1. Is it the case that E125 is assigned to a helix (DSSP H, G or I), more than 18 Å from I2 (Cβ to Cβ) and open to solvent by 70 Å² or more (accessible area, probe 1.4 Å)?
2. In region 57-105, how many residues are small (G, A, S) and under 10 Å from the mean Cα position of the chain (by Cα)?
3. Determine whether P109 is part of a loop (DSSP other than H, G, I, E, B) and either touching a residue at least 60 places away in the same chain (Cβ under 8 Å) or surrounded by fewer than 17 Cβ atoms within 10 Å (Cβ to Cβ) (or both).
4. Which pairs have Cβ atoms under 8 Å, sit 6 or more apart or on different chains, and link a residue in region 168-193 that is touching a residue at least 24 places away in the same chain (Cβ under 8 Å) and among the aromatic types (F, W, Y) to one that is open to solvent by less than 90 Å² (accessible area, probe 1.4 Å) and in a strand (DSSP E or B)?
5. Determine if region 137-148 includes at least one residue that is in contact (Cβ under 8 Å) with a residue 12 or more places away in the chain, more than 21 Å from I5 (Cα to Cα) and crowded, with 18+ Cβ neighbours inside 10 Å.
6. Checking H84 against (1) farther than 19 Å from R51 by Cα; (2) in contact (Cβ under 8 Å) with a residue 12 or more places away in the chain; (3) out of contact with any Ser or Thr (no Cβ under 6 Å at 6 or more places or on another chain); (4) not polar (S, T, N, Q), only one condition comes out false. Which one?
7. Among what's in region 62-90 and is open to solvent by 50 Å² or more (accessible area, probe 1.4 Å) and touching an Asp or Glu at 6+ places or on another chain (Cβ under 7 Å), pick the residue that is nearest to E105 (Cα to Cα).
Amino acid sequence: MIEQILPATVKAYDTFDDPPGTVLFPEEEQLIKRAVEKRRREFTTARLCARKAMEGLGVAPVPVLSGLRGEPLWPLGVIGSITHCAGYRAAALAQGAGTIGIDGEPNEPLADGVVEAISLPQEREMLRRLAAGHPAVCWDRLLFSAKESVYKAWFPLAKRWLDFQDARISVDPVRHTFTAHLLILGPRWQGRRLGGFTGRWMTGNGLIVTAIAVVTPQPAAIHDREAQ
């Protein structure tokens with residue numbers, strides 16, 4: 001599903017259930033040895049998705065451990081992102097420099113009070129307009145998902161926290177895209193200051209998924225593609 005909103009350079013794998021028999025690396029088992037069953041299922045299937053995406057890249061499977069903020073730690077030369085929610089798990093990976101952020105959510109309204117906590121006044125006005133014109137999408141949930149994808153894309157580049165109010169989201173309901181305008185000073189990347197991200201979104205199977213992919217292929221990968 002999510003591969004539909006990612007560029008061809010990104011390999012993704014997703015699933016709507018938890019396949020039995022998935023085996024973790026011992027190092028990964030250590031991370032969830034005290035986890036409740038729900039967390040164990042999410043973690044295990046997300047690592048399965050990551051392994052399948054690695055396979056698509058031609059990368060040997062390795063343990064996917066967690067950083068200080070819980071972010072997945074990828075092999076050298078690989079960037080990626082993981083998401084999981086009720087009924088959905090996914091991973092998206094690419095070789096090269098840059099960043100990827102993906103998120104999946106149920107296409108259901110947020111709980112009372114959440115949208116006020118995660119949004120800016122301009123965004124709430126946007127949500128009202130979107131809901132009036134396109135009622136089939138739970139736009140508050142899409143806003144939340146987009147901000148989750150923004151954070152996941154931001155953190156590998158900035159290595160610091162990004163609050164919900166630190167980025168303003170604009171959603172295009174026709175093109176199925178969104179833009180994130182950073183409201184705080186971003187890190188320098190590729191010789192200039194990062195000012196925001198663009199991403200894509202889609203709905204289906206009762207879900208909302210969002211994705212950001214900023215990928216600069218490695219020189220070797222560019223050479224291989226030109227030789228084909």
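1. When the stated conditions are applied, E125 passes them.
2. Residues in region 57-105 being small (G, A, S) and under 10 Å from the mean Cα position of the chain (by Cα): 7 in total.
3. yes
4. So the pair list comes out as F178/I169; F178/S170; F178/V171; F178/D172; F178/G199; F178/W201; F178/T210.
5. No, region 137-148 contains no residue that is in contact (Cβ under 8 Å) with a residue 12 or more places away in the chain, more than 21 Å from I5 (Cα to Cα) and crowded, with 18+ Cβ neighbours inside 10 Å.
6. Unmet condition: (1).
7. If we take residues in region 62-90 being open to solvent by 50 Å² or more (accessible area, probe 1.4 Å) and touching an Asp or Glu at 6+ places or on another chain (Cβ under 7 Å), then H84 is nearest to E105 (Cα to Cα).
The values are calculated or read from the model by the stated rules, or taken from the named source; none is laboratory data. All figures in this text were calculated on a predicted structure; none of them were measured in a lab. Every residue, glycine among them, receives a Cβ derived from its backbone with ideal geometry; neighbour counts consider all protein chains shown. To get the accessible areas, we keep the full protein, side chains included, count just its heavy atoms, and leave off ligands, DNA and RNA. Shrake-Rupley method; radii C 1.70, N 1.55, O 1.52, S 1.80 Å.
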